1. Just give me the residues in the range 83-93 being away from ligand 1 (no atom under 16 Å from the Cβ) and either crowded, with 17+ Cβ neighbours inside 10 Å or under 12 Å from the mean Cα position of the chain (by Cα) (or both), in sequence order.
2. What's the number of the condition residue 14 fails, among (1) modelled with pLDDT of 95 or more; (2) farther than 30 Å from residue 206 by Cβ?
3. From 177, 198, 194, which residue is in contact (Cβ under 8 Å) with a residue 12 or more places away in the chain and within 16 Å of ligand 2 (Cβ to nearest atom)?
4. I'd like the full set of residues that are at pLDDT below 95, within 21 Å of the chain's Cα centre (by Cα) and more than 17 Å from residue 181 (Cβ to Cβ), limited to the range 127-141.
5. From the residues in the range 159-179 that are within 14 Å of the chain's Cα centre (by Cα), surrounded by fewer than 23 Cβ atoms within 10 Å (Cβ to Cβ) and more than 16 Å from ligand 1 (Cβ to nearest atom), which one is nearest to residue 4 (Cα to Cα)?
6. Do any strands (runs of 3 or more DSSP E) lying entirely in the range 172-226 carry at least 2 residues that are over 16 Å from residue 90 (Cα atoms), and which ones are they?
Ligand code: ADP
Ligand code: MG
């Protein structure tokens with residue numbers, strides 16, 4: 001479904017060259033949730049941006065459904081990103097002038113879906129995230145947890161193969177983070193998306209199907225059981 005192959009990425013800052021990714025590889029499967037752990041600066045965001053075709057690696061491949069996306073033209077990459085990839089950030093990045101419903105409808109219209117169908121889909125998603133009463137609220141009228149739920153609905157609205165979430169609950173208080181996270185997992189399993197979630201929270205990581213740690217530029221598989229012990 002999603003395969004990252006030997007990704008390398010370095011940044012040059014003045015005289016310094018920082019090698020962030022040094023050959024990171026991993027595979028992600030439909031309906032599976034994978035935690036991406038690593039200290040701040042380890043390269044989690046860089047990895048997610050490359051996987052989401054928002055940034056190009058220096059070398060390596062990003063395969064979505066067997067298609068090597070790095071080799072695609074900009075136009076084809078844009079299409080791929082729109083149809084097959086959903087992104088959730090730490091801060092919701094919703095459009096402030098639009099309602100929750102409109103925020104979940106818009107990406108579908110851009111992708112060419114009819115407005116009635118897009119509306120039905122958006123309502124369904126917001127409903128399953130517990131937001132049926134909040135459709136017509138703008139982001140500023142929603143709580144942090146509700147904003148992130150809308151961002152999640154928007155990210156999966158086009159039925160992507162891949163959901164990439166960069167510390168999606170990092171900005172929420174613990175009980176809210178917990179609930180939003182549970183709903184994210186439920187939705188991912190229900191939709192059959194391959195989800196990669198960067199987080200610092202070991203409690204949350206331990207509840208995902210697999211845990212990968214970004215360590216010295218490489219992705220290392222970690223036993224979920226070990227993460228569970230470490231969080232005590
Ligand atoms: P994380 O998300 O794990 O905190 P990042 O992927 O944001 O890590 O960053 C990894 C490293 O790459 C950091 O040292 C960061 O300073 C550096 N970095 C990230 N983006 C850029 C950039 N656009 N230019 C220069 N350095 C960058
Ligand atoms: Mg980051």
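The values are calculated or read from the model by the stated rules, or taken from the named source; none is laboratory data. Because the structure is predicted, anything quoted here is derived from the model rather than measured. As a convention, Cβ positions derive from the backbone with ideal geometry for all residues, glycine included, and neighbour counts pool all protein chains shown.
1. Residues satisfying the conditions are 84, 85, 86, 92.
2. So residue 14 meets the others, but not (1).
3. Working: 177 fails: within 16 Å of ligand 2 (Cβ to nearest atom); 194 fails: within 16 Å of ligand 2 (Cβ to nearest atom).
Criteria check complete, one pass: 198.
4. If the condition is that a residue be at pLDDT below 95, within 21 Å of the chain's Cα centre (by Cα) and more than 17 Å from residue 181 (Cβ to Cβ), then 127 is the only one that fits.
5. Initially, the range 159-179 is screened for residues within 14 Å of the chain's Cα centre (by Cα), giving 159-170.
Next, from what is left, pick out any that are surrounded by fewer than 23 Cβ atoms within 10 Å (Cβ to Cβ): 159, 161, 166-167, 170.
Narrowing further to those that are more than 16 Å from ligand 1 (Cβ to nearest atom): 159, 161.
Values: 159: 21, 161: 14 Å.
Once the filter is applied, the top-ranked residue is 161.
6. Correct list: 210-215, 218-222.
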